[in-house]
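Structure record follows, encoded as structure tokens.
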Amino acid sequence: MQKKNPPILVTRPSLPPVEEYDALVREIFSSFYLTNGGAQHQLLEAALKEKLDTPFLRLFTNGHLALECAILALNLEPGEIITTPFTFISTSHAIVRCGFEPVFCDVEPDYFTLDPAKIEEKSTPRTRAILPVHVYGNPCDMEAIDRIGAKHGLPVLYDAAHAFGVTLRGRAVAQYGDASMFSFHATKCYNTIEGGAIACNRADYAERLSGYRNFGIHPGDEIREVGGNAKMNEFQAAMGLLNLKYFEREVEKRGKVAARYRENLSGIEGLSFRPVRDGVNQNFAYLPVSFDPEVFGATRDEVDETLKTYGVFARKYFYPLVSTAAAYGGKFRPEDTPVALKASLQVLALPMYADLALTDVDDICEIIASCKR
Ligand SMILES: *Cc1c(COP(=O)(O)O)cnc(C)c1O
């Protein structure tokens, strides 16, 4: 097989027709209103409230700052936040940067999401909140986690960066917990170039989010919070409005890519697709597969290296386990979360985007199959 040129990357951002973006950019230019909650921002906030089925929504310049503002707006006493080590480093960095200590709890072996059966044993008198992550768009066991939160009086803040548009038995993910963070980064299945949002179910919390987003300033020149600047600008919001128009079509195309991968790779021993929780309406944000080296014969890293030699760039996602980050100075032990540790060593996110050609999927699968020993 020929080396792919141009290379195939793990993802490619969804883009609307450039003429449509151009028209909105012209509107923004003629308004001379570039940020601070302009017309595009207002339209997008309203549209996403509906799309994500939430009573309150605030837009942010990116998902990470949205998460930091969401943690700060909970008004917690200093202490610990229970979270998962199987996530993107942003989750635990947000906890630490807001002055809290992350406590890493293991994940479920099937779904790689925070294991509700293990949360309570991680809880101490200093636990202040629970921060689970929906992984690859596959939601956590939200009913069980919300019950634990309610039982102990702990707010539940979901990192829903991967879960745009996902529903569980017809109910939007934003309906669970106290709040959910969505990321609209260029690499996510829905993007505003950079961007993010917090969905929540309380007006007072949403008002505090607005404060943390904009220096703590509220109407009447009152400065209520020590807020920073995390506002989404008009050019981001315009991209979001257009991408929203095409989102369902993109998901449909992603679904076809996913189906092709399954068709080609199912039945290969030692290679497994990640199961999806019952009743989930997927967004096909990622295409994760796991390699059990004992059965497949090759390790995940060997498959990844072989793909690279053909110009195919998959991604070890999530790897390394965030609890092992040098930034945390070796304070956490990966052996304490063995399921997450194993997942981080075996999983590989294969190229996945709406316009990935099915013939390229076939080639990628052929390379992977050839790694089997
Ligand atoms: C992308 C991502 C974030 C951060 O979002 P940005 O918009 O890139 O700042 C946080 N958590 C998870 C799980 C993510 O995948």
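The values are calculated or read from the model by the stated rules, or taken from the named source; none is laboratory data. Nothing here was measured: the structure is a model prediction, and the numbers come from that model. Every residue, glycine as well, gets a Cβ built from its backbone with ideal geometry; the counts of neighbours run over all protein chains shown. These area figures cover heavy atoms from the full protein model, side chains too; ligands, DNA and RNA do not enter into them. Shrake-Rupley method; radii C 1.70, N 1.55, O 1.52, S 1.80 Å.
Just give me the residues in the range 194-222 being open to solvent by 20 Å² or more (accessible area, probe 1.4 Å), more than 15 Å from the chain's Cα centre (by Cα), farther than 18 Å from VAL173 by Cα and not hydroxyl-bearing (Ser, Thr, Tyr), in sequence order. It would help to see each step written out before you state the result.
If we filter the range 194-222 for residues that are open to solvent by 20 Å² or more (accessible area, probe 1.4 Å), which is where we start, we get 194, 201-204, 207-208, 210, 212-215, 217, 219-222.
If we keep only those that are more than 15 Å from the chain's Cα centre (by Cα) too, we end up with 201-204, 207-208, 210, 212-215, 217, 219-222.
Applying the additional criterion that residues be farther than 18 Å from VAL173 by Cα yields 203-204, 207-208, 210, 212-215, 217, 219-222.
ALA203, ASP204, GLU207, ARG208, ARG213, ASN214, PHE215, ILE217, PRO219, GLY220, ASP221, GLU222, listed by residue number.
Output the residues belonging to the range 288-313 that are open to solvent by 10 Å² or more (accessible area, probe 1.4 Å) and not polar (S, T, N, Q).
PRO288, ASP292, PRO293, GLU294, VAL295, GLY297, ASP301, GLU302, GLU305, LYS308, TYR310, PHE313
Scan (1) open to solvent by 30 Å² or more (accessible area, probe 1.4 Å); (2) more than 16 Å from the ligand (Cβ to nearest atom) for the single condition GLU225 breaks and write down its number.
(1)
Given the criteria within 16 Å of the ligand (Cβ to nearest atom) and open to solvent by less than 10 Å² (accessible area, probe 1.4 Å), does LEU131 qualify? Explain how you work it out, then say what you get.
Values: within 16 Å of the ligand (Cβ to nearest atom): yes; open to solvent by less than 10 Å² (accessible area, probe 1.4 Å): yes.
Taking the combined requirement at face value, the residue satisfies it.
Counting residues that are within 16 Å of the ligand (Cβ to nearest atom), which helices (runs of 4 or more DSSP H) fully inside the range 3-76 reach at least 2? Talk me through it step by step, then tell me what you get.
On the way: elements: 18-31, 39-51, 63-72.
Passing ranges, in order: 39-51, 63-72.
Against the definition (of a type in the set (A, V, I, L, M), within 16 Å of the ligand (Cβ to nearest atom) and closer than 28 Å to LEU356 by Cβ), how does ALA172 come out, yes or no?
On the way: of a type in the set (A, V, I, L, M): yes; within 16 Å of the ligand (Cβ to nearest atom): no; closer than 28 Å to LEU356 by Cβ: yes.
No, not satisfied.
Report yes if VAL276 is over 30 Å from ALA23 (Cβ atoms), at pLDDT below 95, in contact with a strand residue (DSSP E or B) (Cβ under 6 Å, 6 or more places away or on another chain) and among the hydrophobic types (A, V, I, L, M, F, W, C), otherwise no. Quick ask: steps written out before the conclusion?
Details: over 30 Å from ALA23 (Cβ atoms): yes; at pLDDT below 95: yes; in contact with a strand residue (DSSP E or B) (Cβ under 6 Å, 6 or more places away or on another chain): yes; among the hydrophobic types (A, V, I, L, M, F, W, C): yes.
Spelling it out, VAL276 is indeed over 30 Å from ALA23 (Cβ atoms), at pLDDT below 95, in contact with a strand residue (DSSP E or B) (Cβ under 6 Å, 6 or more places away or on another chain) and among the hydrophobic types (A, V, I, L, M, F, W, C).
Just checking, which of GLY149, GLY137 is surrounded by 20 or more Cβ atoms within 10 Å (Cβ to Cβ) and more than 13 Å from the ligand (Cβ to nearest atom)? I'd like the intermediate steps shown before the answer.
Details: GLY137 fails: more than 13 Å from the ligand (Cβ to nearest atom).
After ruling out the rest, the residue left standing is GLY149.
Among the listed residues TYR190, TYR158, identify the single one that is open to solvent by less than 10 Å² (accessible area, probe 1.4 Å), in contact with a strand residue (DSSP E or B) (Cβ under 6 Å, 6 or more places away or on another chain) and of a type in the set (Ser, Thr, Tyr). If you could, list the steps in order and put the result at the bottom.
Values: TYR190 fails: in contact with a strand residue (DSSP E or B) (Cβ under 6 Å, 6 or more places away or on another chain).
None of the others qualify; the one that does is TYR158.
Does THR91 count as outside any helix (DSSP H, G or I) and among the hydroxyl-bearing types (Ser, Thr, Tyr)?
Details: outside any helix (DSSP H, G or I): no; among the hydroxyl-bearing types (Ser, Thr, Tyr): yes.
Considered against the rule, which asks whether it is outside any helix (DSSP H, G or I) and among the hydroxyl-bearing types (Ser, Thr, Tyr), THR91 comes out as no.
What is the one condition in (1) in a strand (DSSP E or B); (2) within 16 Å of the ligand (Cβ to nearest atom) that VAL103 does not satisfy?
(2)
Tally the residues that are more than 10 Å from the ligand (Cβ to nearest atom) and over 17 Å from VAL280 (Cα atoms), restricting the search to the range 181-192.
Quick first cut of the range 181-192, residues more than 10 Å from the ligand (Cβ to nearest atom) only: 189-190.
Pick out the ones that are also over 17 Å from VAL280 (Cα atoms) and you get 190.
The number of residues fulfilling the criteria is 1.
Quickly run through the range 77-100 and pick out the residues that are buried (at least 21 other Cβ atoms within 10 Å of the Cβ) and more than 11 Å from the ligand (Cβ to nearest atom).
Matches in the range 77-100: ILE81, ILE82, PRO85, ILE95, PHE100.
Which of the numbered conditions does LYS253 fail, given that it passes all the others? Conditions: (1) open to solvent by 20 Å² or more (accessible area, probe 1.4 Å); (2) over 23 Å from the mean Cα position of the chain (by Cα); (3) in contact (Cβ under 8 Å) with a residue 24 or more places away in the chain.
Here LYS253 meets the rest and fails (2).
Looking at (1) under 20 Å from the mean Cα position of the chain (by Cα); (2) over 17 Å from LEU52 (Cα atoms); (3) not in a strand (DSSP E or B), which one does ILE148 not meet, given that it meets all the others?
Of (1) under 20 Å from the mean Cα position of the chain (by Cα); (2) over 17 Å from LEU52 (Cα atoms); (3) not in a strand (DSSP E or B), only one is false for ILE148: (1).
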